[in-house]
Amino acid sequence: MGPLVVVVLGLLAIAAVRLLADRIGVAAPLLLVLLGVGVALLPSVPVVEIEPEWILAGILPPLLFSSAVAMPAMEFRRAFGAVSGLSVLLVVLSAGAIGLLLTVLVPDLGLAGGIALGAILSPTDATATAIVRRTGVTSRVVTVLEGEGLLNDATALVLLRAAIAAGAASVSIGGVLGEFALAVVVAVVLGLVVGRLGLMARRRVADPTVNTVLSFATPFVASLPAEALGASGLVAAVAAGLVTGHGAIRHLSPQHRLSDKENWRTVELVLEGTIFLLMGLQLAGVLEELHRDGGSVGPGLGIAAAALVATVAVRSGYVSVLVVWLRSSARRGAERLPTLSNMSAQLEAGEQVTIRGRAVSLTSPRRLAAFRHRLRLQIADIDYFRAAPLGAREGTVIVWAGMRGAVTLAAAQTLPADFPERSLLVFVAFLVATGSLLLQGGTLAMLVRWVAPAPAEVPTAQEQAVLAERLTDADIEVLDRYAEDPDVAAFRARLADRDGRPDPALSSDRRVRVRLEMIEAQRAALLDARDEGRFASAALTTALENLDAEQISLELRRRPAG
């Protein structure tokens with residue numbers, strides 16, 4: 001069977017599984033892993049071996065970039081404290097705990113080998129969080145899990161490299177910390193620069209198809225140089241994605257954003273399907289290597305079970321502490337709310353702002369605007385944490401939704417050929433990754449129904465009313481520019497009474513021109529609302545997408561025929 005036929009069959013399998021998953025209510029990644037395992041065990045199917053670099057450097061950067069683009073920057077900022085702890089501290093704790101456990105279970109492995117497997121098993125899989133979105137939990141829970149999956153790979157891979165080096169020579173803690181700082185800082189800076197330059201370049205490209213091609217290249221432009229510099233290519237791709245997602249509305253036209261969205265959805269479907277299908281297909285190769293080295297399945301199954309239990313246990317302990325800390329932080333914020341609200345009232349009334357009885361110097365308009373913005377953000381953050389608290393129920397979901405995936409297997413396959421018990425470690429990594437996906441992913445929906453965490457947010461009527469009021473005010477501001485035009489003035493009067501659509505008295509071309517100006521003003525008002533942090537990202541996203549659709553329709557009407 002030729003490679004082209006294999007690719008076509010793979011694409012058809014991914015499409016069929018996606019349709020089946022939607023029909024039977026089971027997450028597609030689970031079905032794809034099972035399909036891959038089933039195919040791998042067929043006698044006529046050759047052993048499938050995938051170079052780990054294809055996963056780590058070829059598939060994951062665009063997937064993480066796409067996830068970062070779709071993540072609301074405001075919610076990511078609010079979740080960053082929890083995300084950074086899960087991505088760094090929890091990975092280190094998990095790697096250490098698993099390392100100590102394996103020194104007992106496999107004495108010949110040594111502590112360095114145990115920590116190496118711990119680093120391999122510690123990171124959760126960002127692509128597996130697609131399972132979480134189907135359960136209807138709050139956006140805060142989803143953001144924490146997605147953010148963790150986007151960033152914890154850097155910690156795990158640095159630990160893995162340090163453990164491999166420790167197997168051959170001594171490694172200092174300071175050296176490991178320095179390597180981690182380099183991997184993250186250089187990657188973040190490079191990703192931010194690439195994301196910004198990418199938006200500036202794409203802003204000057206009129207063709208949506210060319211623009212999308214540049215979008216496809218962006219994660220690799222960020223990740224490949226980062227890897228060459230010894231930094232984390234995955235973190236660089238994430239940073240570029242966050243910048244792109246936050247700035248796309250200001251820099252790219254609606255046609256370009258729509259083209260990006262539809263094309264990236266297709267890319268995500270294919271790459272996510274590929275990564276989970278390949279996981280299952282590699283079973284035969286993993287078993288063959290294990291048997292070739294004289295290993296057996298039984299001990300591997302026992303070690304994998306113990307390691308999986310250990311990862312869940314360590315995660316449970318850490319998340320329990322995290323939830324207590326977050327609740328305490330939210331309580332302290334609520335105690336500060338009256339003081340902040342009083343300061344906001346003083347600003348609005350034009351009075352002198354005081355903090356603990358001391359006057360705040362806000363002489364320049366720039367300082368005043370910056371202070372007002374920070375104050376509004378702090379109040380909005382407190383309101384957000386009060387409205388979407390993370391309690392024991394949400395913590396239980398965060399624990400169980402921390403699934404391993406393709407990164408775990410790919411990282412295991414980067415172990416040197418002469419590493420102690422390499423084939424056993426790869427086999428254990430495969431079992432933990434697939435077992436985690438099938439066990440935790442397959443029962444996550446049931447767990448959510450059982451523990452009943454807070455459901456996904458729905459924009460309130462008050463929130464929608466405030467947004468509608470702001471959009472109407474933006475329309476009136478545009479129409480004020482046409483104060484000398486009696487037809488437009490009549491429409492403005494109707495709009496001021498909150499009753500009006502484009503007036504029939506306007507000619508078709510003028511109506512379109514005026515409406516396009518109103519759309520631009522409404523979009524600016526929505527972006528200002530986004531930066532305030534007071535409104536749910538879902539409500540803002542829907543409103544912005546509606547504006548984009550209307551603008552595209554109007555611009556098509558203005559385009560000359562032929």
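The values are calculated or read from the model by the stated rules, or taken from the named source; none is laboratory data. These numbers come from a predicted model, not from an experiment. Cβ sites come from the backbone with ideal geometry, for glycine too, and all protein chains shown count toward neighbours. Remember, those area values only see protein heavy atoms, side chains included, never the ligands or the DNA or RNA. Shrake-Rupley method; radii C 1.70, N 1.55, O 1.52, S 1.80 Å.
What to note about this one:
- Here the accessible area is traced with a 1.4 Å probe on the protein chains. For the range 16-130, carbon and sulfur cover 70 percent of it.
- Sulfur and carbon atoms: percent of accessible area, the range 361-436 [1.4 Å]: 57
- Summing charges over all other residues whose Cβ lies under 10 Å from the Cβ of Leu234, with Lys and Arg as +1 and Asp and Glu as -1, gives -2.
- Using all pairs of distinct alpha-carbon atoms, the Kirkwood hydrodynamic radius of the range 87-164 works out to 13.1 angstrom.
- Angle between the chain longest axis and helix 233-251 axis [Cα atoms, degrees, rounded to 10]: 10
- Among Leu145, Leu157, Ala236 - extreme Cα towards positive end, dipole of the range 140-240, charges at beta-carbon: Ala236
- Local electrostatic count, Leu258, Cβ distance below 13 Å [Lys/Arg +1, Asp/Glu -1]: -3
- In this structure Arg134 has an accessible area near 120 Å², from a 1.4 Å probe over the protein heavy atoms.
- Cα shape, the range 182-280, gyration tensor, a/c 1.5 rule: oblate
- Taking all protein chains together and rolling a 1.4 Å probe, Val194 ends up with roughly 20 Å² accessible.
- Basic side chains Lys and Arg get +1 at the Cβ, acidic Asp and Glu get -1 at the Cβ, and with that the dipole of the chain about its Cα centre reaches some 1140 debye.
- Selection from Asn342, Gly298, Leu479, by position along the positive dipole direction of the chain (Cβ): Asn342
- Kirkwood Rh, Cα atoms: Rg over Rh of the range 391-486: 1.43
- Rounded to the nearest 20, the Cβ-based charge dipole of the range 157-276 about its Cα centre (Lys and Arg +1, Asp and Glu -1) stands at 420 debye.
- Computed from Cα positions, the angle between helix 3-24 and the longest principal axis of the chain comes to roughly 60 degrees.
- When the square roots of the Cα gyration tensor eigenvalues are ordered a ≥ b ≥ c, the ratio a/c for the range 240-358 is 1.5 or more and a/b does not exceed b/c, which makes its shape oblate.
- The order of Ile519, Ile164 by accessible area, most exposed first and with a 1.4 Å probe, is Ile164, Ile519.
- Dipole moment magnitude, nearest 20 debye, the range 296-434 about Cα centre, only Lys, Arg, Asp, Glu C-beta charged: 620
- Largest to smallest in accessible area, the residues Phe65, Phe76 fall in the order Phe76, Phe65 (1.4 Å probe, all protein chains included).
- Spin-label model, Leu439/Gln462: points 7 Å from Cα along the beta carbon direction are separated by 4.5 nm.
- Relative to the longest principal axis of the Cα atoms of the chain, helix 254-281 runs at roughly 10 degrees.
- A Stokes-Einstein calculation at 20 °C with viscosity 1.002 mPa s, built on the Kirkwood radius of the range 17-63 over Cα pairs, returns a diffusion coefficient of 169 µm²/s.
- A Stokes-Einstein calculation at 4 °C with viscosity 1.567 mPa s, built on the Kirkwood radius of the range 124-233 over Cα pairs, returns a diffusion coefficient of 79 µm²/s.
- Other residues with beta-carbon under 14 Å from the beta-carbon of Glu545 carry, at +1 per Lys or Arg and -1 per Asp or Glu, a net charge of +1.
- The simple spin-label model puts a point 7 Å past each Cα toward its Cβ; for Arg557 and Ala201 those points are separated by 3.7 nm.
- Projection of the Cα convex hull of the chain, averaged over all directions and equal to a quarter of that hull's surface, yields 31.6 nm².
- Rh (Kirkwood; distinct C-alpha pairs) - the range 512-553, Å: 10.6
- Note on exposure: Val235, Val193 ranked by accessible area (1.4 Å probe, complete protein assembly) read Val193, Val235, with the most exposed listed first.
- With the whole protein complex present, Thr443 retains an accessible surface near 40 Å², based on a 1.4 Å probe.
- Average accessible surface area per residue within the chain, 1.4 Å rolling probe, Å²: 47
- Positive-end residue of Val104, Pro455, Ser67, charge dipole of the chain with Cβ unit charges: Pro455
- Mean residue ellipticity (222 nm) of the chain, computed from DSSP H runs ≥ 4 via -39,500 (n - 2.57), nearest 500: -25500 deg cm²/dmol
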